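Notes for the one structure printed next.
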Ligand code: NAP
């Protein structure tokens with residue numbers, strides 16, 4: 001009998017996290033599906049029931065240090081090990097940030113999208129080292145290519161890329177594989193849906209940037225986004241492949257559109273060249 005592999009996923013109440021929790025369980029992982037408010041687990045549990053899998057739902061708010069520690073300690077206690085973490089929880093914002101946003105709003109974005117990822121990774125790393133596990137983070141094409149009017153989100157996702165790229169060779173030297181899964185546009189999630197925010201309210205709050213914001217919205221609306229949009233399940237499938245791969249790449253675009261979008265900026269799309277370079281710094285070019 002093989003030992004069940006334990007996978008913890010953040011932000012599983014909706015979207016990519018929900019789909020990934022079910023997909024990981026279907027792939028045979030004992031899945032710890034975490035969320036800020038387990039009272040909102042209904043859609044996840046319904047999807048799990050439809051898929052014929054069970055999940056271990058637990059509370060974890062990535063911005064709450066006590067909940068991160070409590071959850072990882074409880075997983076170690078109850079399951080005895082942890083083989084994989086998927087940092088999925090994230091928030092969007094869509095406002096002309098530099099002048100019109102507040103420092104508090106800018107910090108709140110990085111608190112979830114960057115420091116939340118780091119807090120969970122930090123707490124999980126001793127367990128991942130013990131199991132020879134892996135750390136997978138949901139990045140974004142906007143963690144590589146900047147997007148107008150989305151500065152704080154892009155800054156956070158760029159920070160995640162930089163942090164994980166720097167961590168990867170050191171983690172590999174201690175048996176942990178680090179990857180960033182990079183979607184482009186994913187439809188059917190709760191991302192970017194703000195009931196009280198619409199084009200008019202954002203334009204009204206845009207001050208001197210209103211005409212530029214209007215031009216931006218017109219440009220976005222005019223795009224067909226041919227081949228760009230994916231479903232949460234498509235991304236979940238890529239995450240599960242990453243969890244199972246013997247030698248997962250560092251940077252993994254989730255479809256051809258995302259790959260080609262990254263190519264406009266990167267020639268080292270999957271991070272192989274930079275990874276080899278970084279591993280030579282620790283005298284370990286042979287590491288995966
Ligand atoms: P989503 O449906 O809004 O899911 C985001 C999840 O993160 C929700 O479950 C949300 O939980 C959770 N979350 C937010 N703040 C949290 C916190 N402090 N602690 C724990 N969980 C928290 O959006 P999604 O599209 O699936 O996004 C998932 C990831 O994919 C994000 O990292 C996002 O940046 C990335 N991504 C999305 C797209 C896209 O086009 N949708 C593209 C590229 C990358 P609550 O229900 O409690 O708010």
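Quick notes on this structure:
- Among the residues listed as 129, 122, the single one being more than 22 Å from residue 189 (Cβ to Cβ), more than 13 Å from the ligand (Cβ to nearest atom), free of Cβ contacts under 8 Å to residues at least 40 places away in the same chain and part of a helix (DSSP H, G or I): 122
- Residue within segment 28-43 that is near the ligand (Cβ under 8 Å from one of its atoms) and either farther than 24 Å from residue 122 by Cα or modelled with pLDDT under 95 (or both) present: yes
- With respect to the conditions (1) within 13 Å of the ligand (Cβ to nearest atom); (2) at pLDDT 95 or above, residue 92 lacks only one, and its number is (2).
- Qualifying residue in segment 86-99 (condition: within 21 Å of residue 18 (Cα to Cα) and not in a loop (DSSP other than H, G, I, E, B)): yes
- Any pair with Cβ under 8 angstrom, 6 or more apart, that starts in segment 170-199 at a residue that is on the phi > 0 side of the Ramachandran plot and ends at one that is at pLDDT below 80 and surrounded by 13 or more Cβ atoms within 10 Å (Cβ to Cβ): 192/94
- Residue match in segment 247-262 (condition: within 14 Å of the ligand (Cβ to nearest atom) and surrounded by fewer than 17 Cβ atoms within 10 Å (Cβ to Cβ)): no
- Unmet criterion (only one of (1) free of Cβ contacts under 8 Å to residues at least 60 places away in the same chain; (2) assigned to a helix (DSSP H, G or I); (3) within 11 Å of the ligand (Cβ to nearest atom)) for residue 167: (3)
- As a summary of the residue check, residue 226 satisfies the conditions (1) loosely packed, with under 14 Cβ neighbours inside 10 Å; (2) more than 27 Å from residue 263 (Cα to Cα) except for the one numbered (2).
- Some residue of segment 193-200 being out of contact with any strand residue (DSSP E or B) (no Cβ under 9 Å at 6 or more places or on another chain) and under 25 Å from residue 9 (Cα atoms): yes
- Selection from segment 95-109 of residues that are touching a helix residue (DSSP H, G or I) at 6+ places or on another chain (Cβ under 8 Å) and within 12 Å of the ligand (Cβ to nearest atom): 109
- Residues in segment 143-162 that are part of a helix (DSSP H, G or I), away from the ligand (no atom under 14 Å from the Cβ) and surrounded by 18 or more Cβ atoms within 10 Å (Cβ to Cβ): 151 alone.
- Tabulated pairs, segment 228-256, first over 21 Å from residue 144 (Cα atoms), second away from the ligand (no atom under 11 Å from the Cβ) and in a helix (DSSP H, G or I), C-beta under 9 angstrom, 6+ apart or interchain: 233/22; 233/23; 237/23; 240/23; 240/24; 240/26; 243/24
- Candidates 262, 243, filtered to the one that is in contact with a strand residue (DSSP E or B) (Cβ under 6 Å, 6 or more places away or on another chain) and over 27 Å from residue 25 (Cα atoms): 262
The values are calculated or read from the model by the stated rules, or taken from the named source; none is laboratory data. As the structure is a computational prediction, the values presented were derived from the model and not from experiment. Neighbour counts are summed over all protein chains in view; Cβ atoms, including those assigned to glycine, are modelled from backbone coordinates with ideal geometry.
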